[in-house]
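First comes the structure, then the notes that go with it.
The values are calculated or read from the model by the stated rules, or taken from the named source; none is laboratory data. Note that this is a predicted model, so its numbers are computed, not measured. In this analysis, Cβ positions are derived from the backbone assuming ideal geometry, glycine residues included, and neighbour counts consider all displayed protein chains. Just so you know, the surface numbers come from the protein's heavy atoms only, side chains and all, with ligands and any DNA or RNA stripped out. Shrake-Rupley method; radii C 1.70, N 1.55, O 1.52, S 1.80 Å.
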Amino acid sequence: MSQRTLSETKNVTGSKSFAPPIGFRFGAVAAGVKEAGGVRKDLALIASEIPCAAAGVVTVNKMCAAPIRYSATRFPGTGIRAIVANSGNANALTGPVGAADERAVATAVAKALGVGADDVLTASTGGIGIRMPVERITAAAPALVAALGDDVAIAAEAIRTTDLRTKLAFRELELGGKTVRFAAIAKGSGMIHPQMATMLCFITTDARVAPETLQRALVSAVDETFNTITVDGDMSTNDTVIALANGASGAPAIEPGSAAEKTLEATLTSLCADLAKAIAADGEGASKLFIVDVAGVPEREMARDLARAVAGGSLVKSGIFGGDPSWGRILAALGARIGARDYPIDPAGVTLDVQGVRVYGDGGPVAFDKDDLSARMRSTEISARMDLGLGKASARALGCDLTFDYVKINAEYYSGPKSSLDAANGKHTSGPVNRPVIVEALSYIRKFAGKRAVIKYGGAAMIDPALKRSFAEEMVLLQSAGLKPVIVHGGGPEITKTLEKMGRKSEFADGQRITGAEEVRVVEMVLTGRINTEIVGLINSLGGNAIGLSGKDGRLLIASKLETAPGKTDLGFVGEIDAVNADLLDMFLERGYMPVISPVGFGLDGASYNINADVAAGEIASACGAERLIFLTDVAGILDDKGNLLSEVKAADLEAQLGKSIKGGMHVKAQAVLDALAGGVRAVHIVDGRAPHSVVAELFTDHGVGTLVT
Ligand code: ADP
Ligand code: MG
């Protein structure tokens, strides 16, 4: 028996290359679940031509939603023909109408399919405490059935809510000479905790298997996978995992106690494991998957509980977001849970490995290579492994980091009644809003709201496509949080490349490009014509409000030729800034635009000048009264003479190191930093642009990630 793995959890637009199990069809329509006339597909249908064996696992939340109450009566069972699932409304906590609405939807879909209403299962996900627009959903039933086809991804997309990714997984087995297929879709990102998530997962297979056997295999798979996810500690009302098997493959039945049963269990487990990882990694706003293993404890349940406690700890999670190994926080979370639960174990002998690096053991911290671990912490998958050496049991918990985006998503995703009138009518409010975290982040937002920040954009963050996108997303996020970003970009490598294509060599003196008449035309073409428009386009395509400006536009950067000191090489059209037109920036900033500036200077003689982007950023920050100046570069920050990152440094100490531990490109930057501080900028940050979200991590966490100069 062989197993082939096909799994897709990225932005899937079509899955035609994966054949679904025989006899199953998938479809979706926009039924206007959230609002009448909504264009997003929000109603999904999975239908089998043949009655199916059904197994299911549902939330243990006692306030569970209406669809779950019905479905739970059918597991394990036979004769199931379809699952209809909507996103946008959870049909939970709406009172007695919830159950009637659930059956009305099932009945309408059953009628359109020509099957019995009892044989249609339903599932819902979305806002809690608001009645479903049941008429709109039932009216969409015929179109939903007409939309059925073999594209699994369409159904997967329609069940998304705050999910950033569509989640699908496929498997194929050879069994008795026949191919047996599995296709599964899932949704889930927030409210994910041990007892499953606000997650839905529907597994279809053309295997032939009795409901009880399927149920056993599914329970075991869910226990090993979805039940290990923890994102924010809230347990959802709607969690549902359903498996349907229709036997259409023609393969022999999977008998209890057979090798095939083991294979079935292993297949369901690996299928669910893929989806569970995808859900954890897609935790609302998450930027990193966090895998916690606890080993060496006496009992499995204890291992599980401890792993979850660590994976779910807010301090640990924010540390992981900040790229900190967080070993103290991890061990504190472990110890706290042992104490709170009164477990009869002593963790004194624990070892802790973060990203495979031993950071704690032999009763104390272990010296480790800081730079090496910092580099490893930049991964999007972070592992923490503890061994208490006190037994044989172990367990894993999957979680994610706690990010600024998490708060943003949950602060905006309002799920309660719209008015106090609704509440007075007996509807309950119960949303996924995590108050303490919001209060904490709000204090940062308040601190920066309305303030200006100049960001020097350069290095890898301007070259790598994924980093480019995440930079643009970050700028949009900062803008929507009330900060007023001004971007000043560089473009050296691109200029060099373009000159090369033209058969010209780039020459430098003292870190500055020797810029002849031909070179300055290329500088302008590349910086203003190409790079600037690309940045502006990307930010605006993501919902931002950027405006591209060169130093010539509106006389933004008035410049003159940088005079060469006696004995030094003449740099040609390299300029220095004489004046910044702050009025022009005020005008755009006050109207909510995000200026994106290419550092080409305007000479009063009509010439264009090549201006160092670090210098331009510093001058612009002083001129426009920026609170902050942030440099994105290709090092972790300013390093000391031993190569260690300086996380905080005073201007005077920085000045003392100029030309000593600070050289080359960093010397230019450091001089710009000092000038900006002298020009009234409150604080300057130098952060690593090679990792995503460094600006947010620096500004919105207490410890930051780069170098802070004050
Ligand atoms: P950017 O493209 O962001 O302007 P540069 O290459 O001009 O980057 O400047 C950063 C470089 O400065 C680093 O890659 C490093 O080689 C050099 N450098 C010199 N001294 C230091 C220091 N003390 N700390 C960090 N980087 C330094
Ligand atoms: Mg530079």
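Before moving on, here are some points about what is shown:
- 3J(HN,Hα) from dihedral phi, region 125-130, Karplus parametrisation 6.51/-1.76/1.60, rounded to Hz, x for glycine, proline: 8, x, x, 9, x, 10
- Part-to-part distance (alpha-carbon centres) for region 369-406 and region 476-495, which is given in Å: 32 Å
- The chain - percent of accessible surface contributed by carbon and sulfur, probe 1.4 Å: 52 percent
- Three-way shape call for the chain based on the alpha-carbon gyration tensor, with the a/c threshold at 1.5: prolate
- Whether region 628-675 is rounded, prolate or oblate, judged on the alpha carbon gyration tensor where a/c under 1.5 counts as rounded: rounded
- Computed [θ] at 222 nm, deg cm²/dmol, the chain (DSSP H ≥ 4; -39,500 (n - 2.57); rounded to nearest 500): -10000 deg cm²/dmol
- Take 129-137, 36-44, 362-370, 587-595 and order them by the average number of nearby Cβ atoms within 10 Å per residue, most first; the result is 129-137, 36-44, 587-595, 362-370.
- Karplus-derived 3J(HN,Hα), 6.51/-1.76/1.60, for each residue of region 600-610, Hz, glycine and proline x: 9, x, 9, x, 5, 7, x, 7, 9, 10, 7
- Positive-pole candidate from Met666, Thr73, Ser379, dipole of the chain, charges at beta carbon: Thr73
- Inter-site label distance for Phe508 and Ala259 at 7 Å from Cα along Cβ, in nm: 6.4 nm
- Taking a straight line from the alpha carbon of Lys41, these lysines sit under 24 Å away, with near neighbours fewer than eight places off in the same chain left out: Lys10, Lys16, Lys111, Lys167, Lys187, Lys408, Lys418.
- Inter-probe distance in nm under a simple model that places probes 7 Å from Cα toward Cβ, at Lys568 and Glu518: 2.6 nm
- Long-range HN-HN contacts of Ile638 with modeled amide H, under 5 Å: Leu646, Thr707
- Charges were assigned to the Cβ only: +1 to each Lys and Arg, -1 to each Asp and Glu. The resulting dipole of region 444-598 about its Cα centre is roughly 400 debye.
- Annotation: lysines with alpha-carbon distance below 27 angstrom to Lys642 (same-chain offsets under eight excluded): Lys370, Lys456, Lys650, Lys660, Lys663, Lys669.
- Legend: calculated FRET efficiency, Leu658 to Arg341, from the Cβ-Cβ distance at R0 = 60 Å, rounded to 0.05, equals 0.65.
- Accessible surface, the chain, averaged per residue in Å² (probe 1.4 Å): 40 Å²
- Amide H contacts for Ala31 (H built 1.01 Å from N in the peptide plane; partners 5 or more residues away or on another chain; cut-off under 5 Å): Asp42, Leu43.
- Separation of the Lys370 and Ala72 label points, Cα + 7 Å toward Cβ, nm: 5.3 nm
- Ranked by the mean number of other Cβ atoms within 10 Å of their residues, highest first, the peptides 140-148, 655-663 fall in the order 140-148, 655-663.
- In order along region 632-649, the Karplus-derived 3J(HN,Hα) couplings, from 6.51 cos²θ - 1.76 cosθ + 1.60 at θ = phi - 60°, round to 9, 9, 9, 10, 5, x, 7, 9, 7, 5, 8, x, 8, 5, 8, 7, 9, 8 Hz, and Gly and Pro are given as x.
- Rounded, prolate or oblate (a/c below 1.5 giving rounded, otherwise prolate when a/b exceeds b/c) for region 562-654 by Cα gyration tensor: oblate
- Peptides 678-686, 321-329, ordered by how many other C-beta atoms sit within 10 Å of their residues on average, highest first, read 321-329, 678-686.
- Bridges between two residues of the chain, per DSSP, are antiparallel at a rate of about 60%.
- For the Cα trace of region 36-153, dividing Rg by the Kirkwood Rh returns an Rg/Rh value of 0.94.
- Close amide H contacts of Ala683 (hydrogens built in the peptide plane, cut-off under 5 Å, sequence separation of 5 or more or a different chain): Leu629.
- Take the Cβ atoms of Lys447 and Thr107, set R0 to 41 Å, and the FRET efficiency comes out at 0.15.
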